[in-house]
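A.B. asks: Have a look at this one.
The values are calculated or read from the model by the stated rules, or taken from the named source; none is laboratory data. No experiment lies behind these values; they were computed from the predicted model shown. Positions of Cβ are backbone-derived with ideal geometry, glycine not excepted, and every protein chain shown enters the neighbour counts.
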Amino acid sequence: MAARRTYIDKVVSALGESLPYYFYDINTKIILKPTQHDHIEIGHYSGQDVLNFVREARDTSSNFRFTSDFTIANSTQTFLWKRKWKNQTNAVLNVYRTRFNYAIRNQFEDSRLFTDSDITDWGAKYTLQKTVNNKWEYTTGWETARHAVSPNVISTSGEIAQLLESSATRAQTSLENSLFFQADGRWKEKWQWSAGIRVSTAWVDNTFYSNPEPRLAIRYTLNETAALKASYSRMAQYLHRVSSAAVAFPTDIWYPVTEQVKPQTADQLTLAYTKKLTEKNIYLSVETYYKSMQRLIGYREGTNLFLNTDFEQQLIQGKGNAYGLELLIKKEAGKLTGWIAYTLSRATRQFDELNNGETFLARYDRRHNGSAVLNYALTKRISLSSVFEFISGSRFTPVIGQYVVPAPNLGGVQLIPVYAPVNSVKLADTHRLDVGVKLFSKPSKRYKSEWYIGVYNVYNRATPIGINIEPNDDGSFRYEQPGLFGTIPFISYGISF
Amino acid sequence: MLMGVVYLGCIPEPLPIENLPKLTPKLVVSSQVLPGVGLVVLVTRSIGALDAGENANPEELIAQIAITDATVVISNTTNRDTLLNLGNGFYGGITNLQESAIYELQIENNEFGKVNAFTTLLPFVGFEEISADIIYNEFDSLARIRYTFNDPPTENFYMINVQRYSATQQLTSLLNPRIYTKLMDDKEFNGQTYSETFNVLFQEFLPGDSIAVSLTNISQPYYNYVKLRNDSRFGFSEFASEPINFPTNVKGGLGWFTLHTPDIRLFELQEDQ
């Protein structure tokens, strides 16, 4: 059983400042082994992020006060039963319930604006795996999931109700079912293969969808230390995440397929080469991939998702692709261990209704992504560690111009923004270096302990969390991205027995 | 405690965002029929995104962007008039506009070449009755507007605006002024007399404050444009919110060529008796 809660809000509060955010979670698991053939796990996870914001009026004699409470919660309950049957047959039954919901409570004077969103899934999956002989085995089974989605419920009262009436997106229930079969085998000495088919279906209101999802993976052993791999897979998705293109919010909406909103599908090809330098315990991997996606979800320009309960009519569907090259070098033994990874990638989108129908880069088209994790054992009890991460900035659509029009009743002028082509600008790159040293207790001791001392973000580079407009001295403005955490020294002590 | 001190002491410098594309300047058109005066057209140029903000001086801004050397011509099937250059980007003078006629506006200057736009002069629809006073609730004193107008038996779209008005208005309040705007169509009262009472929300008014209330019969494309502007007001910031390319009926430029005639009434607010 494990539980945790952040405490930085309490620390900041003790210094007279305010950080109205914290999160906590609880994780429990019970493992049972009633027989030598049965293994049962019962698990529970729940967590919540809480943001409480209060702003008092400057005039302390007034009763004016604005409060905003924002909570995001996740909970999962699982039941897992593994059973070993005779004849090299294994079965796994997994039953689960998950719930994601958020609630926003804003109150100012007599105005109340409450927003709720909820998605609850009940599901089960049964898998049967059988080893036929030393050449091949198969896995088959079924899966079912019921999604109960309440995407957006808005409740208003007071003055604001005259501007925004209470409303709710129609709650929907969808049922997904699938059957799958996969076979894994060897052919001659050098070939390994895995081939499968999954047929998935979704039923929502009076609309029924089905999609075959074939997959094939092949591995060819070049020699004792090198291999080539290739794979193809097709996937279908019946639950869409509708998110802002410009701003990352945790309040993204989940929406099931409907008669108008079709399932998303994707086809992916990969090709890889792996090599092991056995004498040096070094593993190398080079992999390239290409993914083509159809009926991706987006929404029309100007759609207000935040306070909108009738957004299905605003949803649009388009296509996209992504491709890249991934390199990995890993060392798992010796005084120096760790890995260096690098990915070069590109992702694009195309919607007829957006960007004049022209293809544009996806928001998370982050061209370069690299990391280096290294550990060096100075002695048996002292080791050094470092982590360096680099990722290219994501994309966004800035305002690049403005123009003036008279206000509708001629009582002034308004500035109207003009935006750049969609996602045409790259945000600042993110990179940081962490270093640390571990001190282990003597191996002979009954209780093992370790001290871990280090510095996170050694050169104090901002990890961007948003975009601000700041004034320059000459009266113009500039875009910049603030960071939340800079250099943070840390110290931890762990004990195991 | 140590963690808190370190956290507060090491907040990193923000990162700049570079390589922003620059908008090719475009010619911007706005127009308005002033009751009893005639048509006025404002011709300006677009500016860079970071060149001006809400704190800019409106007079200086207009002087910076006004196009003062354009030739502005308005025509229909029977007439063609060149508007007078009134200075500061304003052109006007024509008064004999015909209801329901389609007009073309052509603007030409050396910097931007030619742009043009088409629109129809919609029939004037004004208030039959209107009153404004102040009501009090537990927290605020609000302006309450009561009005009535006669809707013509055609498909119509309306815009009602309420704005605080002062003879000694601060110039800074003229840029992105706080205007309360209501939009509606006449599907539920087509060809009938329509009455409504509403409160101007999120602005506090005191006895003696002056407001301007206007009713305008507008075209559907312009209604859609203003609705788009209104809906985007829930965004946290236009600079970091959903990108919207606001529509325009100006071919080769930006803005709107409209021939709407507002009915503007001024009130000095008093408490409801």
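A.B. asks: Could you tell me which residue of the range B:184-215 is nearest to the other protein chains (Cβ to nearest Cβ), considering only residues that are free of Cβ contacts under 8 Å to residues at least 60 places away in the same chain and under 25 Å from A:ASP110 (Cα atoms)?
C.D. replies: That would be B:LEU201.
A.B. asks: Restricting attention to the range B:244-257, which residues are outside any strand (DSSP E or B) and at the interface with chain A (Cβ under 10 Å from one of its Cβ atoms)?
C.D. replies: Within the range B:244-257, B:ILE244, B:ASN245, B:PHE246, B:PRO247, B:THR248, B:GLY253 qualify.
A.B. asks: Next question, about the same structure. Among the candidates A:ASP121, A:ASP116, A:ASP69, A:ASP110, which residue alone is surrounded by fewer than 16 Cβ atoms within 10 Å (Cβ to Cβ) and either of a type in the set (Ser, Thr, Tyr) or within 30 Å of A:ASN52 (Cα to Cα) (or both)?
C.D. replies: Of the residues listed, the single one that is surrounded by fewer than 16 Cβ atoms within 10 Å (Cβ to Cβ) and either of a type in the set (Ser, Thr, Tyr) or within 30 Å of A:ASN52 (Cα to Cα) (or both) is A:ASP110.
A.B. asks: With respect to A:SER441, is the statement that it is over 30 Å from B:ALA212 (Cβ atoms), away from chain B (no Cβ under 14 Å), free of Cβ contacts under 8 Å to residues at least 60 places away in the same chain and of a type in the set (S, T, N, Q) true?
C.D. replies: Taking the combined requirement at face value, the residue does not satisfy it.
A.B. asks: All but one of (1) in the same structural domain as B:GLY87 (by TED's automatic domain parsing); (2) modelled with pLDDT of 80 or more hold for B:PRO21; state the number of the condition that does not hold.
C.D. replies: Condition not satisfied by B:PRO21: (1).
A.B. asks: For the range A:320-358, which residues satisfy the criterion of being under 20 Å from A:VAL422 (Cα atoms), surrounded by 17 or more Cβ atoms within 10 Å (Cβ to Cβ) and of a type outside the set (A, V, I, L, M, F, W, C)?
C.D. replies: Within the range A:320-358, A:GLY320, A:ASN321, A:SER345, A:ARG349, A:ASN355 qualify.
A.B. asks: Okay, next question. Would you check which residues across the range A:185-201 are farther than 22 Å from A:LYS275 by Cα and in contact with a Ser or Thr (Cβ under 6 Å, 6 or more places away or on another chain) and list them?
C.D. replies: A:ARG198, A:SER200, A:THR201, listed by residue number.
A.B. asks: Which residue, of B:ASN76, B:ASN110, is surrounded by fewer than 18 Cβ atoms within 10 Å (Cβ to Cβ), more than 26 Å from A:VAL413 (Cα to Cα) and without any contact (Cβ under 8 Å) to a residue 60 or more places away in the chain?
C.D. replies: B:ASN76
A.B. asks: Name the strands (runs of 3 or more DSSP E) wholly within the range B:50-154 that hold at least 1 residues that are at pLDDT below 85?
C.D. replies: B:127-136, B:141-150
A.B. asks: Okay, next question. Please go through the range A:204-246 and give me each residue that is of a type outside the set (A, V, I, L, M), part of a loop (DSSP other than H, G, I, E, B) and either in contact with a strand residue (DSSP E or B) (Cβ under 6 Å, 6 or more places away or on another chain) or within 14 Å of another protein chain (Cβ to nearest Cβ) (or both), ordered by number.
C.D. replies: A:THR225, A:TYR238, A:SER243, A:SER244
A.B. asks: All but one of (1) within 9 Å of another protein chain (Cβ to nearest Cβ); (2) surrounded by fewer than 23 Cβ atoms within 10 Å (Cβ to Cβ); (3) touching a residue at least 12 places away in the same chain (Cβ under 8 Å) hold for B:THR44; which doesn't?
C.D. replies: It fails just one condition, (2).
A.B. asks: For the range A:348-358, does any single residue satisfy the condition of being in contact with a Phe, Trp or Tyr (Cβ under 8 Å, 6 or more places away or on another chain), among the β-branched types (Val, Ile, Thr), touching a residue at least 24 places away in the same chain (Cβ under 8 Å) and within 21 Å of A:GLN294 (Cβ to Cβ)?
C.D. replies: Looking for residues that are in contact with a Phe, Trp or Tyr (Cβ under 8 Å, 6 or more places away or on another chain), among the β-branched types (Val, Ile, Thr), touching a residue at least 24 places away in the same chain (Cβ under 8 Å) and within 21 Å of A:GLN294 (Cβ to Cβ), one finds at least one in the range A:348-358, hence yes.
A.B. asks: Being assigned to a strand (DSSP E or B), in contact (Cβ under 8 Å) with a residue 12 or more places away in the chain and under 30 Å from B:LEU228 (Cα atoms) narrows it down to one of A:PRO489, A:PRO417, so name that one.
C.D. replies: Just one listed residue meets the conditions, A:PRO417.
A.B. asks: Could you tell me which residue of the range A:368-408 is nearest to the other protein chains (Cβ to nearest Cβ), considering only residues that are among the small types (Gly, Ala, Ser) and assigned to a strand (DSSP E or B)?
C.D. replies: A:GLY401
A.B. asks: Given the criteria outside any helix (DSSP H, G or I) and either modelled with pLDDT of 90 or more or buried (at least 18 other Cβ atoms within 10 Å of the Cβ) (or both), does B:TYR158 qualify?
C.D. replies: For B:TYR158, the condition - outside any helix (DSSP H, G or I) and either modelled with pLDDT of 90 or more or buried (at least 18 other Cβ atoms within 10 Å of the Cβ) (or both) - is met.
A.B. asks: Ok, one more. Look through the range A:220-254, keep the residues that are aromatic (Phe, Trp, Tyr) and modelled with pLDDT of 90 or more, and return whichever of them is nearest to A:THR207 (Cα to Cα).
C.D. replies: My answer is A:TYR238.
A.B. asks: Still on this structure, please answer the following. Tell me the residue from A:VAL50, A:VAL54 that is at pLDDT 85 or above, more than 14 Å from chain B (Cβ to nearest Cβ) and under 24 Å from A:PHE485 (Cβ atoms), please.
C.D. replies: The conditions single out A:VAL50.
A.B. asks: Quick check on the range B:147-155. Is at least one of its residues closer than 26 Å to B:LEU61 by Cβ and either touching an Asp or Glu at 6+ places or on another chain (Cβ under 8 Å) or among the basic types (Lys, Arg) (or both)?
C.D. replies: Checked against the condition, which is being closer than 26 Å to B:LEU61 by Cβ and either touching an Asp or Glu at 6+ places or on another chain (Cβ under 8 Å) or among the basic types (Lys, Arg) (or both), the range B:147-155 yields no hits at all.
A.B. asks: A follow-up question, please. If you go through the range B:25-39 one residue at a time, do you hit one that is part of a loop (DSSP other than H, G, I, E, B), within 7 Å of chain A (Cβ to nearest Cβ) and modelled with pLDDT under 85?
C.D. replies: Scanning the range B:25-39 turns up no residue that is part of a loop (DSSP other than H, G, I, E, B), within 7 Å of chain A (Cβ to nearest Cβ) and modelled with pLDDT under 85.
A.B. asks: Let me ask another. Condition first: in contact with a His (Cβ under 9 Å, 6 or more places away or on another chain) and either among the acidic types (Asp, Glu) or at pLDDT 80 or above (or both). Can you find one or more residues in the range B:207-217 that meet it?
C.D. replies: yes
A.B. asks: A follow-up question, please. Quick check: is even one residue across the range B:49-69 farther than 30 Å from A:ASP473 by Cα and more than 7 Å from every other protein chain (Cβ to nearest Cβ)?
C.D. replies: Yes, some residue in the range B:49-69 is farther than 30 Å from A:ASP473 by Cα and more than 7 Å from every other protein chain (Cβ to nearest Cβ).
A.B. asks: Can you tell me which condition A:GLU279 does not meet? The list is (1) assigned to a strand (DSSP E or B); (2) free of Cβ contacts under 8 Å to residues at least 24 places away in the same chain, and all the others hold.
C.D. replies: (1)
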